[in-house]
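Notes to accompany the following structure.
The values are calculated or read from the model by the stated rules, or taken from the named source; none is laboratory data. Bear in mind the structure is a predicted one, so any value in this text is a computation, not a measurement. Quick reminder, even Gly has a Cβ in these numbers, built from the backbone with ideal geometry, and neighbours come from all protein chains shown.
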Amino acid sequence: MTIQQAIWQTRREYLGTCRPELPVSFFNPATLTDTAQEFRTGFPGLVSYAVKANPDANVLRCLVAAGVNAFDVASPVEIDLVRSVAPLATLHYHNPVRSVNEVKHAVRNGVRSYSVDRPAELEKLLAHIPEGSEISVRLKLDLAGAAYDFGAKFGAEPDMCVSLLRRVQECGHQTSMTFHPGTQCTDPQTWAVYIAQCALIEKQSGCKLYRLNVGGGFPSHRGHEKPTLTPIFYTIKQAVLQYFPNNAPDLVCEPGRAMVADAFSLAICVKALSDNIIFANDGLYGGLSEFRDTIGQVERYQAIQHQKSSNSKELQNYTVFGPTCDSLDQLPAPLCLPIDIAEGDYILFENMGAYTHAIATQFNGYGNTKYVTITNY
C-alpha cells in the first residue's frame with residue numbers, strides 16, 4: 001500500500017479530472033489527526049494504535065506526528081514496520097498466541113509488554129522474556145453490544161485469569177489485565193462490566209494490577225448516525241473510580257477501526273449495467289471485503305456522476321457485483337443509487353480506512369487500488 005503525495009484537494013476533483021479505471025482509496029491526513037487528538041484528549045490513559053487495522057507506513061507517520069507513541073502489534077512484520085517508522089515507540093504485543101521464534105523476535109526488538117490467555121502460552125513467554133516485563137492476562141465475558149466479539153478465539157474465563165495472574169507475579173513480571181469488548185461496540189456499559197470483573201479478579205488473585213487495557217472495539221461512523229466516543233470515555237473513567245477506589249491501575253486503550261476508518265474513503269467505478277444490476281471494478285475480494293462479514297455494509301455512500309443522461313433525481317435499488325468471475329462476489333444488500341447512473345460513474349464509500357485493504361486479495365488479477373492523498377472532502 002503506497003499513498004501518493006497530497007496533490008488533490010477533493011475526491012470529486014480527482015475523479016472528474018483523472019477518470020481512473022482502478023478503484024481509488026482516498027486518504028485524508030487531517031481527519032486521522034483529528035481522530036487521534038479526540039482519543040488522546042478524551043481517553044483517560046495511554047492510547048495505543050492497533051496496527052492491524054491499517055498498517056500503511058503513512059498512517060503510522062501521521063499518528064506519530066499527532067502524538068501517538070504506542071502501538072499494538074500482532075506479528076513480527078508489524079513489529080518491524082513500526083520500528084522502521086518510529087524506532088523508539090512503545091510496542092504492545094497483544095496477540096496472545098505466538099511461536100517461540102516470534103517471541104524471540106519481539107524480545108530482540110525491545111518489546112516488554114505481552115498478553116496471554118492460556119497456561120501453555122504463558123509458560124512459553126516466561127521462558128524467553130526479560131524479568132520485569134508486563135504480561136496482561138486477557139479476560140473474556142459473554143456480553144452483547146458489539147457487531148461481533150472475539151471470545152471464541154481469545155480470552156480466559158475469570159477463574160483462569162486468577163491463576164494466570166498469580167503465575168505472572170510469582171515469576172517476577174508486572175501483572176496487568178486486558179480485554180476486548182468486541183467490534184463496533186456501542187454500549188458503554190460493556191466496558192463497565194468488564195472493568196468491574198477485572199477489579200474482582202484483582203482482589204481474588206491478590207495481584208495488584210499495574211495497568212488495565214480496555215482494548216479496542218470503539219465504534220466508527222459506518223451508519224448514518226455518527227456514534228460519539230465521549231460517553232464511552234466517561235463510563236470507563238467512572239467505572240475505574242468506582243471499582244478501583246484505591247490505587248487504580250493505569251489505563252490503556254488500543255483503537256484500530258475507530259482511529260483510522262474515517263480517514264479513508266473508497267471510490268469504485270461502474271464497469272457495466274444491466275437493468276438493475278451493476279458490475280463494479282471492486283468487490284468482496286478487494287476493498288469491500290469486510291462487507292461480507294457480520295459487520296455489514298457501510299451505509300454512507302454516494303454516486304459521483306460525470307455525464308448524467310437526465311436531470312432525474314429518481315433512485316432505485318441496484319444489485320452490485322464485483323469484477324471477479326465468482327458469483328459470490330456480490331454485495332450483501334442492494335445500493336440505492338440514481339436511476340440514470342451510467343458506465344464510468346463512481347460509487348464513493350465513506351469510512352473505508354480499517355481492514356479494507358489489509359484483508360483484500362488479488363483474486364482473478366483484481367485487487368489493485370490507487371491511493372491518493374487529499375486535503376479536503
Whether any residue in the stretch 210-229 is over 29 Å from Gly353 (Cβ atoms) and surrounded by fewer than 19 Cβ atoms within 10 Å (Cβ to Cβ) is what I want to check. yes
Which number in (1) in contact with a strand residue (DSSP E or B) (Cβ under 8 Å, 6 or more places away or on another chain); (2) within 21 Å of Arg222 (Cα to Cα); (3) at pLDDT below 95; (4) exposed (fewer than 14 other Cβ atoms within 10 Å of the Cβ) marks the one condition that Asn376 misses? (1)
Quick one: how many residues across the stretch 309-327 are within 21 Å of Leu22 (Cα to Cα) and either at pLDDT below 95 or exposed (fewer than 15 other Cβ atoms within 10 Å of the Cβ) (or both)? 3
Which listed residue, of Ile278, Ile295, is in contact with a Lys or Arg (Cβ under 9 Å, 6 or more places away or on another chain) and either of a type in the set (Ser, Thr, Tyr) or modelled with pLDDT under 95 (or both): Ile295
Do you know which residues across the stretch 58-71 are under 15 Å from the mean Cα position of the chain (by Cα) and under 20 Å from Thr373 (Cβ atoms)? Val59, Leu60, Leu63
Answer yes or no as to whether Val82 is of a type outside the set (D, E, K, R), within 24 Å of Ser133 (Cβ to Cβ) and either touching a strand residue (DSSP E or B) at 6+ places or on another chain (Cβ under 6 Å) or at pLDDT below 95 (or both). yes
Top-ranked residue of the stretch 27-51 - restricted to ones that are hydroxyl-bearing (Ser, Thr, Tyr) and assigned to a helix (DSSP H, G or I), ranked as surrounded by the most Cβ atoms within 10 Å (Cβ to Cβ): Thr35
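Return yes when Arg40 is farther than 23 Å from Lys237 by Cβ and either at pLDDT 95 or above or touching a His at 6+ places or on another chain (Cβ under 9 Å) (or both) and no when it is not. Give the derivation first.
Numbers: farther than 23 Å from Lys237 by Cβ: no; either at pLDDT 95 or above or touching a His at 6+ places or on another chain (Cβ under 9 Å) (or both): yes.
Criteria not met by Arg40.
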Going by the conditions given, is Gly206 assigned by TED's automatic domain parsing to the domain that holds Ala70 and modelled with pLDDT under 95? no
Within the stretch 239-295, of all residues that are under 25 Å from the mean Cα position of the chain (by Cα) and among the basic types (Lys, Arg), the one surrounded by the most Cβ atoms within 10 Å (Cβ to Cβ) is Arg257
Of everything in the stretch 199-250, what is out of contact with any helix residue (DSSP H, G or I) (no Cβ under 9 Å at 6 or more places or on another chain), more than 22 Å from Glu350 (Cβ to Cβ), touching a residue at least 24 places away in the same chain (Cβ under 8 Å) and in a loop (DSSP other than H, G, I, E, B)? Give them in sequence order. Tyr210, Asn247
Single residue of the stretch 328-346 satisfying the filter (surrounded by 14 or more Cβ atoms within 10 Å (Cβ to Cβ) and closer than 20 Å to Gly296 by Cα) that is nearest to the chain's Cα centre (by Cα): Leu331
Can you pull out every residue in the stretch 335-366 that is in a loop (DSSP other than H, G, I, E, B) and of a type in the set (A, V, I, L, M)? Ile339, Ile341, Ala342, Met352, Ala354, Ala358, Ile359, Ala360
Only one of His357, His306 is out of contact with any His (no Cβ under 7 Å at 6 or more places or on another chain), crowded, with 19+ Cβ neighbours inside 10 Å and either modelled with pLDDT under 95 or over 23 Å from Arg11 (Cβ atoms) (or both); which? His357
Can you pull out every residue in the stretch 164-194 that is at pLDDT below 95 and either in a strand (DSSP E or B) or of a type in the set (A, V, I, L, M, F, W, C) (or both)? Thr183, Cys185
